[in-house]
1. Nearest 0.05, what FRET efficiency do A:Asp39 and A:Lys249 give at R0 = 22 Å with Cβ-Cβ as r?
2. Report the label-to-label distance for B:Gln297 and A:Phe132 in nanometres (one decimal), using points 7 Å from each Cα along the Cα→Cβ vector.
3. Work out the mean other chain Cβ neighbour count within 10 Å for the residues of A:174-184 and drop it here as an integer.
4. For the charge dipole of chain A, defined by +1 on Lys and Arg C-beta atoms and -1 on Asp and Glu C-beta atoms about the Cα centroid, which residue among A:Phe266, A:Leu198, A:Thr127 has the Cα displaced farthest towards the positive pole?
5. Charges on Cβ only, +1 for Lys and Arg, -1 for Asp and Glu, centred on the Cα centroid of the protein assembly as shown; of A:Gln252, B:Val66, B:Asn10, which one is farthest towards the dipole's positive end?
6. What FRET efficiency comes out for the pair A:Phe278/A:Val79, r = Cβ-Cβ distance, R0 = 25 Å, nearest 0.05?
7. Diagonalise the Cα gyration tensor of chain B and give the resulting equivalent ellipsoid semi-axes, square root of 5 times each eigenvalue, largest first, whole Å.
8. Would you please give the FRET efficiency between B:Asp332 and B:Ala166, computed as 1/(1 + (r/R0)^6) with r the Cβ-Cβ distance and R0 = 35 Å, to the nearest 0.05?
Amino acid sequence: MVTAYLLLAPATLLLVTVLAYPVGWEAWISLTDLSPLNDRGAVFVGFRNYVRLLTDAAFWQAAVITVGFATLTTLAKLVLGVAFALLLARPFRGRALVFLAVFLPWAYPASVSVMGWYWTLSPPIPTAYAAFMGHLKGTVDHAIGTGAWSFLAVTLFNIWRGSSFIGVLLLAGINAVPPELFECALLECRSAWRRFWLVTVPLLRPFLALAVFLSLTTAFADLANVWLLTAGRVVFPVIGTQAYWLAIKAGQFGAASALSLMLVPFLLAVLLLLFKAFDPPDEARA
Amino acid sequence: MAQVLMKDLNKKYDEVHAVKDVNLHIRDKEFIVLVGPSGCGKSTTLRMVAGLEEITAGEIAIGDRVVNDLPPKDRDIAMVFQNYALYPHMTVYDNMAFGLKMRKFAKPEIQKRVQEAAEILGIQDLLKRKPRQLSGGQRQRVAVGRAIVRHPQVFLFDEPLSNLDAKLRVQMRVELKRLHERLETTAIYVTHDQVEAMTLGDRVVVMKDGWIQQVGEPLELYTKPTNRFVAGFIGSPAMNFVDVGIQGSDGSLTAQGTGIRLAIPPANAARLGPYKGQRVTLGIRPEDLHIAAGADQAPYVFDAVVDVVEPLGSEILLDVKAGPNSLVARVDPTVRLKVHDGVRLAVNPERLHFFDTTSEKAI
């Protein structure tokens, strides 16, 4: 009995150090007014940080934008990713090149490619192109609202990079399915559309679920790309940038922790929904 | 009701010529087996019939329709795959009904056909289960069931028993044979197992390197192989081959190998006459060798040394050495011999095979 716990100890210790302790600490902080601006130590304030957030219009704006951003990008990435995977699953001339083109956005360092996007959308040197893009930005912002152009840029970047990843993930999924399962469908059904929904999607379910989960979590936690692409001029705040503002710029650690933790129930709910789908389809017991 | 015709069928991949000038007439209701070592083109041929591979050159007709340009779904065939290819997310019933649903059959008809097939295969109790909950044998039964509910013109089997353990394989083999006798549907069956080929096929097609080597009834392949490859491929343990020289006058030819000297029986003498002074390959099946007794004539007897003894219960496989030649003899289980014992073996003179050493064709 003792030996068993001793053997478990290293793993437990690791989990406590890297997972339980930080999360626990953050949960505690969110219930205090900890701030580097205060000379005194943290004072327990109960749920005041949460109450303040829930009654703050800025929070709700950020929440809506984050959910919208996550949903929109996930849908787009799924559609594109599935298309890439299906395209690459069959052999054709020049497949290696297409694979490279699909994979590159993911393999390329984000900080470098995000600069490329930034300069493409907001050219630093005044040229005719820069004038055109400036005009476009003005038009979009005017039509949808200030910051729409930036939001669009962030969304496009996320989709561009993420669909590459999801494409490769799903390609691995397709390759893990015995080809006979697809061939058998080919013998029975001529409509590629029906084969896709009746055979490909159910067979890829665990991979699709993983793709959705990864896409949602990265979209929810996205800070770096939004920050980089909008050069800090965050007009369309997401939860990630809000929390960053609160913690680093305003020094309100407590409120920032509360804000970050607001995401947890939502992500847990999504994870629970997806959890069943993670099992390979053949695990299901009738 | 359908015959299948293959005319000058060829399949070329970028660098591999997988199927070469295959001409085959499969009769209606016939159970034909394509057999050969891996890479011989048997599966590719089957997949061209199914429509899963494009035909490089030549023609395939099912019934009286050329199907070259027909999509697989419209060829009226049903295929059983080696790894069963059951959909893990569907129940057994849904797996079996899948093809019928795709073809928009009415629900009662689907139900009737699935029930019927399930009864034939003895899987009525499994219909609600998922493939995961089935044993290998049960899964293969479902895969066969999925094929028979379709009432196709032709069944295509791609090594359907290769994933099963030895005992189950023998059992399913018998069931498939019974099933074919009952359904009387034309069937093309691919296997690398010559025992499956011999036991299941009305006729057997032996392939190698993309070429058809021989087409014939099982016993015909066994007793009259057209070349050395077929002779060696069909039969287990394989035929013994000995390199010999043909000597003597027309009246009494002998086959002289190192450590073996046998008279050539009169029946073979005429055909072997032109080979006098040349080397040929002598083929002897293991069961055509026995321990020499008084009745055996001297010219058909040679001496050997026991190398390995393999007692199988019903018989003993005796691996012997005659000079540099290794041979296997199938002898009576009562024979008591030890390794290194000397043994005098006799051949069955009516059952000797001779092959041209260069062309490998039967003489």
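1. Working: r = 20 Å, r/R0 = 0.89.
Calculated transfer efficiency: 0.65.
2. In this crude spin-label approximation the distance works out to 9.9 nm.
3. Numbers: counts 0, 0, 0, 1, 5, 4, 10, 7, 2, 9, 15.
Across the residues of A:174-184, the mean count of other-chain Cβ atoms within 10 Å is 5.
4. A:Thr127
5. Of the options given, the answer is A:Gln252.
6. On the way: r = 21 Å, r/R0 = 0.84.
For A:Phe278 and A:Val79, the calculated efficiency is 0.75.
7. Taking √(5λ) for each eigenvalue gives 47, 25, 15 Å, largest first.
8. Values: r = 25 Å, r/R0 = 0.72.
Result of the calculation: an efficiency of 0.90.
Each value in this text was obtained by applying a stated rule to the coordinates, not by laboratory testing. All values derive from a computational prediction rather than experimental measurement. Cβ: placed from backbone, ideal geometry, glycine included. Neighbour counts: every protein chain shown.
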